[in-house]
1. Using beta carbons and a limit of 7 Å, which pairs, at least six apart or on different chains, have the first residue in region 3-24 and farther than 26 Å from LEU37 by Cβ and the second one modelled with pLDDT of 75 or more?
2. What single numbered condition from (1) more than 18 Å from ILE80 (Cβ to Cβ); (2) at pLDDT 85 or above; (3) out of contact with any helix residue (DSSP H, G or I) (no Cβ under 7 Å at 6 or more places or on another chain) fails to hold for THR120?
3. Tally time: how many residues in region 123-167 are open to solvent by 70 Å² or more (accessible area, probe 1.4 Å), at pLDDT 85 or above and either more than 22 Å from THR87 (Cβ to Cβ) or in a helix (DSSP H, G or I) (or both)?
4. Of the residues that make up region 132-154, is at least one closer than 19 Å to MET92 by Cα and aromatic (Phe, Trp, Tyr)?
5. Output the residues belonging to region 104-122 that are assigned to a loop (DSSP other than H, G, I, E, B) and either of a type in the set (Ser, Thr, Tyr) or closer than 15 Å to THR94 by Cα (or both).
6. Can you report the number of residues in region 1-49 which are part of a loop (DSSP other than H, G, I, E, B), modelled with pLDDT of 80 or more and under 24 Å from the mean Cα position of the chain (by Cα)?
7. Show the residue pairs that are 6+ apart or on different chains and have beta-carbon atoms under 6 Å apart, the first residue being within region 156-174 and not assigned by the TED database to the domain that holds ASN130, the second being open to solvent by 60 Å² or more (accessible area, probe 1.4 Å).
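The values are calculated or read from the model by the stated rules, or taken from the named source; none is laboratory data. Since the structure is predicted, the reported quantities are computational estimates derived from the model, not experimental observations. Quick reminder, even Gly has a Cβ in these numbers, built from the backbone with ideal geometry, and neighbours come from all protein chains shown. We work out accessible area using only protein heavy atoms, side chains counted, and drop any ligands, DNA or RNA first. Shrake-Rupley method; radii C 1.70, N 1.55, O 1.52, S 1.80 Å.
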Amino acid sequence: MLDSDIPSGRDAQGNYLIDRDGEIFRHVLNFMRCGELVLPRGFNEFDLLEREAGFFLLEALKELALREAAGMSARIEVGIAVGTGGTRSTYMMTREALMREKESFFTDMLDGGKPVPKDTQGNYVISRNNSLFHHIADYLVRGGILNDITSSELQQLRKEANSVGAKRIVRYLTKTRASVEVTKLP
């Protein structure tokens, strides 16, 4: 802008006039001053920041905004109310945990591919067996079934995992069932 033929307006004092988003530009300006991305707590307008960085040809800032946006989407808590009839349990899980099972009910739900109703608190409402869902939640969050589980529950849980398209959980449960049956042998 300063060294080119790009027409720029000026005010009476000779200051350049830039018709851009002033709230977002303050973060661009701070990046140019400090060489690092410093944002206030709760900032979530990464798409706007990325566009402004692109406009000002600041590739480093654009990459940082994209990385921060990806990190924020992974940390977003998602509420899920699981159950049938009047009995429901609510689980708060990160988007990242729910997206661990690729091509599952949860990825479709969060990507908008499968419309799922929400309750008045904004939790997704899923009509599944809530006495078994905590095992699926444990697996998604921690990578394994951490609670004691009986062999009859194991079979039911495998059906539940199949119904939500959680293939890795089904494989895990198949291995677990085999080890439970081996330990029962005399």
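1. GLY9/LEU17; ARG10/TYR16; ARG10/LEU17; ASP11/LEU17
2. The one condition THR120 does not meet is (1).
3. Qualifying residue count, region 123-167: 4.
4. Yes, region 132-154 has at least one match.
5. Matches in region 104-122: SER104, ASP111, THR120, GLY122.
6. Looking only at that region, the number is 4.
7. As it stands, the answer is VAL170/ASN162, since those pairs meet every condition given.
Per-residue answers, yes or no, for (1) open to solvent by 50 Å² or more (accessible area, probe 1.4 Å); (2) in the same structural domain as GLY165 (by the TED database); (3) aromatic (Phe, Trp, Tyr):
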| site | (1), (2), (3) |
| --- | --- |
| ILE24 | no, no, no |
| VAL28 | no, no, no |
| PRO40 | yes, no, no |
| GLU45 | yes, no, no |
| GLY54 | no, no, no |
| PHE106 | no, no, yes |
